[in-house]
Amino acid sequence: MDPEGPTVRPDGAGSASHGPEEPVDPESGVDPSSHALLHAFTGISSDLDTRSVLSRILLSACDLTGARSGGLGLIGHDGGLRELVPHGLDQPTIDRIGSRPHGWELLDTPGLQVPVRVRGTTLGVLFLTEKRDGRPFTDRDELLAQALVNVAGFVIENARAYSLSERRRRWLELFGELNELLMPPIALPEALDRIVTAVRGAAEAMSATIVQVPEQGDAFIAARVGENTKITEEEAAGFDVAVRSVINDGAILHVDFRDVVVVMVPLRAHLTVPGALCVTYERLSDTDELEERELLTSFADQAALAIDRTQALEDREQLAVISDRDRIARDLHDVVIQRLFATGLQMQSIRQLATTDELRTKMDQNVRDLDQTIRDIRSTIFELQHRPQNSLRTEVRDLVREYVPVLGFAPSVQMHGDVDMSVEPKLQQQLVAALREALANVAQHAEAGSASIDLQVTATHLRLRVTDNGKGVPDDREESGIRNARRRAVMLGGSLDLWPGDPTGTAFIWSVPFERVAATS
């Protein structure tokens, strides 16, 4: 893959011809080729954009040698071409060359190949096809091309260094702006959207996506911005496996999908569903720079911390609202109702001193009004202590908090999907009842030290998974509450499964088809 020097291929084989000597300019003492070469040196040194530099070098090489067409590409870490710049080649020919360093040899035309080297390292390869006049390439053409790429190597290296410094600057600016981008108050979905938008801009990528994968269940896209690459079912399955591998192994991964490359890095958040940040580049773009991958990984780590902070603040706000509701309910019960009740008793005592029937009637009405007020306040207290029916998220957290004293620890809770808005009240009651059975089973039989709750709402299913690290399910167990939970699932067209944990404990998986329930409830 690393040619030792220039290779001339006239008509596919043989060596270059020398060609006639060029006349020397009597005024400057320089031949026209040298003039052209000096002009080319000036032209290729006037730009810092890598692709523009490659294009200038290729055009200069074609002008110097009279080549009809050609290409110039940088060699990546895998030995294939990237940043391939063609000139005068049609698309089928470009496709035949592909990403192979010697792909030009597949062409049925005479050609010239020159490696682009800097300090002994091969950066790329310049290849030129047939000349415009139909003649073979000469030794002079070879010397001119070699002289050009000798200077071009340093120009390319300088342009790449500048490009890398610019990318580094964009990433560092993004690091500084990350906290501001995710400054509370902000909801978690909006935070994820801002993350993918920012990383796509910094990486100059086609798209950026956050994919989350629950412990049990299908991977789902939590946020995405940019072009949506179409992939086959087989590629989609491979993509799912790759995401899970990134999450489990905590390592960066490159996945090829025909004309694009997807770079995946783990998103190590602890308070939300595990996920991966996936950035999609064009195949021939500069995606294999080690420093860029490290910057992407560092950004993902900072973003994960920001996501955890957002989720923690959201949980704290919910707990604060619940605490305020409980405090207001206690104050109404302990202070307001007691005072109203005392006032009613006083009015009944004073009634005995009334001298007219009219006054006694008015006092009786006032006492009845006080009784009705007390009933209204008690109804308000009940509503404060039992959150609105459409908030499944709050009801799950309330139930978990209720079981903390019984369990002796606080289970972790993860919920994803449209939990609060899409679940029908009838299904919500069934799910909460199943969760209560699961927590009661952990408290009474598991002898566990920790547990986790994962609730997933998708377009087709609602899944509740409760796991613990206890002693597992005994073979001679008697199902009572579990039988009730299973019956609830079966009545809704779903199922309840109990699986042994890894390495210990039990996994309680309650799942029902969501669309079917929503249609019949």
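Data table
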{"quantity": "Solvent-accessible ranking of Leu427, Leu319, largest area first, probe 1.4 Å", "calculated": "Leu319, Leu427"}
{"quantity": "Solvent-accessible surface (1.4 angstrom probe) belonging to Arg170, in square angstrom, nearest 10", "calculated": "50"}
{"quantity": "Accessible area (Å², 1.4 Å probe, nearest 10) - Glu173", "calculated": "90"}
{"quantity": "Interchain or long-range residues, amide H under 5 Å from Leu462's placed H", "calculated": "Val512, Phe514"}
{"quantity": "Computed over the range 133-208, Kirkwood Rh from alpha-carbon pairs, angstrom", "calculated": "16.3"}
{"quantity": "Solvent-accessible surface (1.4 angstrom probe) belonging to Ser323, in square angstrom, nearest 10", "calculated": "70"}
{"quantity": "Largest-first ordering by accessible area, 1.4 Å probe, given options Tyr162, Tyr403", "calculated": "Tyr162, Tyr403"}
{"quantity": "Exposure rank, largest accessible area first [Phe154, Phe409; 1.4 Å]", "calculated": "Phe154, Phe409"}
{"quantity": "Charge tally in the Cβ shell below 14 Å around Ile350, where Lys, Arg are +1 and Asp, Glu are -1, Ile350 excluded", "calculated": "+2"}
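The values are calculated or read from the model by the stated rules, or taken from the named source; none is laboratory data. Only a predicted model underlies this, so the values are computations on that prediction, with no experimental measurement involved. All Cβ positions, even for glycine, are placed from backbone atoms using ideal geometry, and neighbour counts span all protein chains on display. These accessible areas exclude ligands, DNA and RNA; they are computed on the full protein's heavy atoms, side chains included. Shrake-Rupley method; radii C 1.70, N 1.55, O 1.52, S 1.80 Å.
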